[in-house]
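Peer 1: Here's a structure for you.
Coordinate-derived values only; no laboratory data. What you are looking at is a predicted structure, and each value in this text was computed from that prediction instead of being measured. Cβ placement follows ideal geometry from the backbone for every residue including glycine, while neighbour counts extend to all protein chains displayed.
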Amino acid sequence: MELFSQPFIQAVHQTLSSPETRVLGTIPPRKGKPLALVGEIRGRPDVKVFSVSAPCLQVPCPCLLLCSLHAPVLQHH
């Protein structure tokens with residue numbers, strides 16, 4: 001339900017717009033009715049989306065851990 005909350009949407013925009021901030025989060029897969037905020041996040045040039053399979057939910061994939069730890073902070077253009 002957070003995806004329909006204006007304070008939450010504003011907080012997401014503010015967080016993603018901060019050049020010093022890295023975010024590792026989850027978004028729902030594409031199915032059913034598209035959600036505006038999810039589509040906006042998915043379409044950002046500074047966002048990398050990974051599809052994670054069920055086994056990775058139990059033990060995080062090394063590539064996700066390395067990417068989140070060593071990824072450069074992307075600047076908005």
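Peer 1: Can you sort T26, T15 from fewest to most other Cβ atoms within 10 Å of each residue's own Cβ? Walk me through the intermediate numbers first.
Peer 2: Values: T26 6, T15 11.
Least to most surrounded, the residues fall as T26, T15.
Peer 1: Could you please report the charge total around K48, scoring K, R as +1 and D, E as -1 over all other residues with beta-carbon less than 13 angstrom from its beta-carbon?
Peer 2: On the way: positive: R22, R42, R44; negative: D46.
With Lys, Arg at +1 and Asp, Glu at -1, the net is +2.
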